[in-house]
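Colleague: To start, I am sharing the structure in question, which I have written as structure tokens.
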Amino acid sequence: MKDSIYTLTAYYNILDHNSSKLPPIISRKGGSSNSQGDFFEFFIKDIYCKESLQYPYKEEKENKYLEYFSWIGDSKHFPDMIIRGGEGIETKKMISDSKSIALNSSYPKDYLYIDTQNIPKDMTEDNPQWNRKHIVYAVATVPKTINGIQNEDQKCSKIWLAFGNTFVADRQVYLNIIDGIKKGSESSNPTAEFQPSKEIGRIKNVDPQKRTKLRLRGMWELASPNYLFEEFLIPDFTPKGSSQVNMVILTCDFENIVQKPDFSEFINRNQLIIHDVEIPDPNTPEKFLQAKIFQGFTI
């Protein structure tokens, strides 16, 4: 994989920024974004594109994003953003520490491919011949209250940056399931006609008079990084009132990064500890993969 990996720098930027509060987003056209999911997307874009942190207005931020991202997202495509020459990032925001994250119609991704489901076709990638990119799931918990006090600042209590290949199986596992559903649907009724769609598909002519259609749509859920990797974390490492900020990456991918940020400042002041661990192989239950888990916090 020839693309660069920028998530280490993004993780560094969170610790350096030393805040996990979601930014208020103001538009010069009036008003502000009313979606908390939008706030978290802007937060993640800002840590990958640190220069945009200085701008309070949506328009200035998005102009700066265009310098760093080949795709800045919409509601119809996967993922939420793609770094130019780098990885894709899918954001997920929850109000509690759930064991799973809702992916809806998008099956889990270990990598981003040129033919990945719902990938944007108009992304402005510098290398149009790319074949595979890393995908990172950025998962945040933004509770309604913290220690009994209303969370008016929209502060994240936990953030995970988890590379897809650390906890998601090969895409063929999910495509085989989808294909099995399609074939089973076709074989169950000889008069039914299967039609492909952007979801799983549609079945026409279900009833004898051909008046009924069935829409097949996946509603996927994936175990959350916090649930999967919490066992590797040191309890009580995060001071009370601070926000956990964690990252998991395969050791082989970490070692392939040529220019790494210097995390010694955060390690020396006990804001960060890096664990070398063995995590279950998503594709082979009896095997393990070498990985690094970054356990840090912001005030």
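The values are calculated or read from the model by the stated rules, or taken from the named source; none is laboratory data. Small disclaimer: the values here were computed from a predicted structure and weren't measured. Note that each Cβ is placed from the backbone with ideal geometry, even for glycine, and that neighbours are counted across all protein chains shown. When the accessible area is computed, the model is the full protein with side chains, heavy atoms only, and any ligands, DNA or RNA have been set aside. Shrake-Rupley method; radii C 1.70, N 1.55, O 1.52, S 1.80 Å.
Colleague: For the range 1-152, what is the charge dipole size about the Cα centre, in debye to the nearest 20, if Lys and Arg each add +1 at the Cβ and Asp and Glu each add -1 at the Cβ?
Modeller: With Lys and Arg at +1 and Asp and Glu at -1, about 260 debye.
Colleague: Hey, another quick one. If you take every DSSP beta bridge fully contained in the range 146-287, what fraction is antiparallel? Give it as a percent rounded to 5.
Modeller: Within the range 146-287, antiparallel bridges account for around 60 percent of the total.
Colleague: Let me ask something additional. In whole percent, what relative contact order does the range 174-293 give with Cα contacts below 8 Å and a gap of six or more residues?
Modeller: 15
Colleague: Over all distinct Cα pairs, what is the inverse of the mean 1/r for the range 251-299, reported as the Kirkwood hydrodynamic radius in Å?
Modeller: With all distinct Cα pairs of the range 251-299 included, I get 12.6 Å.
Colleague: Compare VAL139, VAL245, VAL258 in a GNM of the chain, Cα atoms joined below 10 Å, and give the one with the largest fluctuation.
Modeller: Largest GNM mean-square fluctuation: VAL258.
Colleague: If you roll a 1.4 angstrom probe over the protein chains with everything in place, what fraction of the accessible area of the range 1-121 belongs to carbon and sulfur, to the nearest %?
Modeller: 47
Colleague: Then there is this: Counting only the heavy atoms of the protein chains, how much of TYR107 is accessible to a 1.4 Å probe, in Å² to the nearest 10?
Modeller: Rounded to the nearest 10, that gives 10 Å².
Colleague: Here's something else I'd like to know. Per-residue HN-Hα couplings for the range 119-124, Karplus 6.51 cos²θ - 1.76 cosθ + 1.60 at θ = phi - 60°, whole Hz, x for Gly and Pro?
Modeller: Each residue of the range 119-124 in turn: 5, x, 8, 9, 5, 9 Hz.
Colleague: To continue, here is another question. Post the alpha-carbon centroid distance, the range 79-105 to the range 156-202, in whole angstrom.
Modeller: Each part's Cα centre sits 17 Å from the other's.
Colleague: Can I ask one more? So, with a 1.4 angstrom probe, what is the percent of accessible area on the range 206-299 that is carbon and sulfur?
Modeller: Carbon and sulfur together cover 49 percent of it.
Colleague: Roughly how many Å² is the accessible area per residue of the chain, as a whole number, for a 1.4 Å probe?
Modeller: The answer is 52 Å² per residue.
Colleague: Which one of GLN209, TRP220, VAL173 has its Cα pushed farthest toward the positive end of the charge dipole of the range 146-240, where Lys and Arg give +1 and Asp and Glu give -1 at the Cβ?
Modeller: Of GLN209, TRP220, VAL173, it is GLN209.
Colleague: Cα atoms only: what Rg and Dmax, in Å, come out for the range 130-173?
Modeller: Cα radius of gyration and Dmax of the range 130-173 are 15.9, 49 Å respectively.
Colleague: Amide H of ASP110: which non-local residues (sequence gap of 5 or more, or other chain) have their own amide H closer than 5 Å, using H built in the peptide plane?
Modeller: Amide H neighbours of ASP110, under 5 Å, 5+ apart: ARG171.
Colleague: Counting only DSSP beta bridges with both residues in the chain, tell me the antiparallel percent, nearest 5.
Modeller: 80
Colleague: Using only alpha carbon pairs under 8 Å that are at least six residues apart, calculate the relative contact order of the chain and give it in whole percent.
Modeller: 18
Colleague: Over the range 196-282, how many percent of alpha carbon pairs lie in each 10 Å bin up to the one with the longest distance?
Modeller: Per 10 Å bin, starting at zero, the Cα-Cα P(r) for the range 196-282 comes out as 11, 28, 21, 13, 13, 10, 4, 0 percent.
Colleague: On a 0 to 90 degree scale, rounded to 10, what angle separates helix 36-48 from the longest Cα axis of the chain?
Modeller: The angle comes out at about 60 degrees.
Colleague: Working from the alpha-carbon coordinates of the range 74-151, get Rg over Rh, Rh being the Kirkwood radius.
Modeller: 1.08
Colleague: For the range 145-290, with equal point scatterers placed on the C-alpha atoms only and solvent neglected, what are the log10 I(q)/I(0) values from the Debye formula at q = 0.15 1/Å, to two decimals?
Modeller: Debye intensities relative to I(0), on a log10 scale: -0.92.
Colleague: Could I ask something else about it? Would you list the P(r) distribution for the range 78-206, with all Cα-Cα distances sorted into 5 Å bins from 0 and each bin expressed as a whole %?
Modeller: With a bin width of 5 Å, the distribution comes to 2, 9, 16, 16, 14, 13, 11, 9, 6, 3, 1, 0.
Colleague: With contacts defined as alpha carbon pairs under 8 Å and 6 or more residues apart, what's the relative contact order of the range 1-144 in percent?
Modeller: It comes to 24 percent, rounded to a whole number.
Colleague: Run the dipole for the chain about the Cα centre, Lys and Arg Cβ at +1, Asp and Glu Cβ at -1, nothing else charged, and hand back the magnitude in debye, nearest 20.
Modeller: Roughly 1180 debye for the chain.
Colleague: Still on this structure, please answer the following. Considering every Cα-Cα pair within the chain, what fraction, in whole percent, is farther apart than 34 Å?
Modeller: Within the chain, distances greater than 34 Å cover 26 percent of Cα pairs.
Colleague: Also: Tell me, what HN-Hα J-couplings in whole Hz come from the Karplus equation 6.51 cos²θ - 1.76 cosθ + 1.60 at θ = phi - 60° for each residue of the range 134-146, using x for Gly and Pro?
Modeller: Using θ = phi - 60°, the values come out as 5, 10, 10, 8, 9, 10, 10, 9, 10, x, 5, 9, 10 Hz.
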